[in-house]
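Novice: Can you read through this structure? Questions will come right after.
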Number of protein chains: 2
Amino acid sequence: MMTVTNDRVAMKHGAGGRAMRRLIEQVFMRNADPVAAAMDDGAVIPMPGGGSIVITTDSHVIQPIVFAGGDIGRLAVAGTVNDLAMMGATEPLGLTCGIVIEEGFPIEQLTALHESMVAACREAGTAIVAGDTKVMRRGEIDGVVINTSGVGITWRPVRDNGAVAGDAIIVTGTIGDHGMAVMAARNQFEFAEPLTSDVAPLNGLIRGALGAGEVHAMKDPTRGGVASALHEIADKARVGIVIHESALPVKPSVRAAADLLGIDPLFIANEGKAVLVVRPQSVDAVLDALRAHPYGRDAAVIGECVTDSPGSVLVDTGFGRRRLSEPEGELLPRIC
Amino acid sequence: MMTVTNDRVAMKHGAGGRAMRRLIEQVFMRNADPVAAAMDDGAVIPMPGGGSIVITTDSHVIQPIVFAGGDIGRLAVAGTVNDLAMMGATEPLGLTCGIVIEEGFPIEQLTALHESMVAACREAGTAIVAGDTKVMRRGEIDGVVINTSGVGITWRPVRDNGAVAGDAIIVTGTIGDHGMAVMAARNQFEFAEPLTSDVAPLNGLIRGALGAGEVHAMKDPTRGGVASALHEIADKARVGIVIHESALPVKPSVRAAADLLGIDPLFIANEGKAVLVVRPQSVDAVLDALRAHPYGRDAAVIGECVTDSPGSVLVDTGFGRRRLSEPEGELLPRIC
């Protein structure tokens, strides 16, 4: 008998949170089959000659495909470059691009998306080395879906399970920018200050940080936001994490919109930020390296790993501590 | 000004033929930009320490997702294993699986697809090492789309442009099986003999062939069939190709269905066959190696490369020669 509780795929199963993790465990990792075991979005394969090959994959279904600060093309490149960087491969060997297009999609728009991919590749110092194009009939797919896979090499792989009590938690900049920009585009919110996605390839930023000090774990806080990233880090390393709410870098416009909508910025998706778990002795050097890069100017220590409450994330509000829930899914479908 | 003649994507642009090649050239390879240049489905990256990393990608949109002889899961694994094998990487390091699912898709069916992927991986001696899951709302995507990317290493890359006049053209078995099986499933044809897809991972078969003799070029005849593969080989190496119609291995059931529908089996998609361009001195050894493998029992020499008519493919019917046209697109959308 199967143990799956729902018999049909629901939106939450693709939302990067707890429901998705359950689906993956129950469908893709049943029987602890070694051939099927690794349905994480990246893998590290040690090479006989030294070094490891890092492989990642990500499908991008964002809607709308163009938004303030970027488009699905930039997102697809940045997402995969960042997945590689999070595992320590900051110089990608190359990306692949598998694009599925709805019949009738304007070729001019396709060209613009492709130019955006090329520009993001250039920024990341990589290239699309292989591609595949499929077309589905009108109504069989909504617009365009882009899969990007990436291959890199690292001599010092970083895992997401290396956190140790005492380590500092650093976020590389303001949180919630991407999700809020997409929400605004989707709902045509108007704010005095524009809400702009942070989507960016972070490999240059991360290369600097890894060169400056000892990073025990990294995670890009995409679907499910920083909350989801912290839960994964706490869970995989069996440490507790305490976050100081007042230390969280949040843009005033994002704060205002989040307050208005009653959403905690910790739960909002980012596409140009990383959460770093750093050895205490390395914190200053890593922060300096991050802040020297345009994408890391607002980097901040937001908390620390503790021995108490292993697997849990606590938020210190200044008045006390509350337990941060793990997102069940993403607030919005098709955020990335 | 753009030079694209149609301003919207049409079905033929995803069909693996001439229209798709034009779209790729005009959208993805404009300006001969080196970062954007390689939109072929596979890439070879030479490594400093010797050997090359081979990377491929393929999105699978086949409909129906289950058909006689296989399903979209087996197809996704075999397709990518075969792309790697065609470039000489017959021992894949690992595959990635990016799956996009329609809300409401039965989880039981997802489990069956995944089991089929695992079985195909096992057969190919590889594993899915990384995965990504996205869900789109009901009506935003038709069922399920699976992207598989693959990474392998080769010390002797095979290209598709290495054909030389005098080389023999070998096909590893009967042609047209996959496309005809899908056509039958789609249109609910009933024939006395069942039409069954040949979908299979060919890396073991190809490993044997490469070990037995000198292979100058290889291509898997998927969308657009053997005709499309031969055109690409002739075009890239600027040789002529002559095919002997009577030498083509075609199953009687496929022949009967093709005759009934008025389709040339040379244009029908295969998912478990390869076209090999082999040095004349190696032909016997390569044929022996192929025929010793279950997937190569019907391997046959079907023609040769010539100096005449470079870039063209001619079919010798026994009564004379006719020029084989290059497929503009696939006969059916969503054949793979």
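The values are calculated or read from the model by the stated rules, or taken from the named source; none is laboratory data. Note that this is a predicted model, so its numbers are computed, not measured. In this analysis, Cβ positions are derived from the backbone assuming ideal geometry, glycine residues included, and neighbour counts consider all displayed protein chains. Side chains are part of the model used for accessible areas, which takes the heavy atoms of the whole protein and leaves out ligands, DNA and RNA. Shrake-Rupley method; radii C 1.70, N 1.55, O 1.52, S 1.80 Å.
Novice: Computed over the Cα atoms of region B:245-336, what is the convex hull's projected area averaged over all directions, in nm²?
Specialist: 7.6 nm²
Novice: At 1.4 Å probe size, with no ligands or nucleic acids counted, give the accessible surface of B:M87 in Å², nearest ten.
Specialist: Solvent-accessible area, nearest 10 Å²: 30 Å².
Novice: I've got another one for you. Mind checking how much accessible area B and A bury in total, 1.4 Å probe, in Å² rounded to 100?
Specialist: Counting both chains, the buried surface is close to 7000 Å².
Novice: To continue, here is another question. Using the Cα atoms of the protein assembly as shown to build a convex hull, what is its mean projected area in square nanometres?
Specialist: Reported value for the Cα convex hull: 30.2 nm².
Novice: In whole angstrom, note down how far apart the Cα centers of region A:64-140 and region B:77-131 are.
Specialist: Here the answer is 22 Å between Cα centres.
Novice: Counting heavy atoms of the protein chains only and a 1.4 Å probe, report the per residue accessible area for the protein assembly as shown as a whole number of Å².
Specialist: About 36 Å² of surface per residue is accessible.
Novice: Regarding chain B, what are the three Cα extents along the principal axes, ordered largest first, in Å?
Specialist: 56, 55, 52
Novice: Also: Can you give me the Cα centroid spacing of region A:306-336 and region A:190-258 in angstrom?
Specialist: 13 Å
Novice: With r as the distance between the Cβ atoms of A:N187 and B:D7 and R0 = 35 Å, compute the FRET efficiency 1/(1 + (r/R0)^6) and round to 0.05.
Specialist: 0.70
Novice: What value, in deg cm²/dmol to 500, does the helix sum -39500 (n - 2.57) over DSSP H runs of n ≥ 4 give at 222 nm once divided by the residues of chain B?
Specialist: Here the helix-only value at 222 nm equals -8500 deg cm²/dmol.
Novice: Now, a different point. With θ taken as phi - 60° and the coefficients 6.51, -1.76 and 1.60, list the Karplus ³J(HN,Hα) couplings across region B:66-75 in order, rounded to whole Hz; mark glycine and proline as x.
Specialist: In residue order, the calculated couplings are 10, 8, 4, x, x, 8, 4, x, 4, 4 Hz.
Novice: Along the charge dipole of chain B, Cβ charges K/R +1 and D/E -1, which of B:V313, B:A289, B:T56 sits furthest on the positive end?
Specialist: B:V313
Novice: Oh, and also: Quick check: at a probe of 1.4 Å, how many percent of the accessible area of region A:40-154 sits on carbon and sulfur atoms?
Specialist: 52 percent
Novice: Per residue of A:41-49, how many C-beta atoms from partner chains lie within 10 Å of its own C-beta, taken as a mean?
Specialist: Partner Cβ neighbours, averaged per residue: 4.
Novice: Follow-up question, since we're still on this one. Return the Rg/Rh ratio of region B:40-154 with Cα-based radii and a Kirkwood Rh.
Specialist: 1.02
Novice: Between A:V199, A:V145, A:V277, where does the largest GNM mean-square fluctuation fall for chain A, given springs only between Cα atoms within less than 10 Å?
Specialist: A:V145
Novice: Quick check: residue separation of A:D288 and A:L260 times 0.36 nm, minus the Cα distance between them. What number comes out in nm?
Specialist: 6.7 nm
Novice: Go through region A:145-159 residue by residue and turn each phi into a ³J(HN,Hα) via Karplus (6.51, -1.76, 1.60, θ = phi - 60°); whole Hz please, and just put x for glycine and proline.
Specialist: Here the 3J(HN,Hα) series is 10, 10, 9, 10, 10, x, 10, x, 10, 9, 9, 9, x, 9, 9 Hz.
Novice: I've got another one for you. For the protein assembly as shown, how many pairs of lysine residues have a Cα-Cα distance under 28 Å, where the two are 8 or more positions apart or belong to different chains?
Specialist: Final tally of qualifying lysine pairs is 29.
Novice: Shortest first and in nm to one decimal, what separations exist between A:R297 and its copies in the other chains, measuring from label points 7 Å along the Cα-to-beta-carbon line?
Specialist: Those separations, rounded to one decimal, come out as 6.9 nm.
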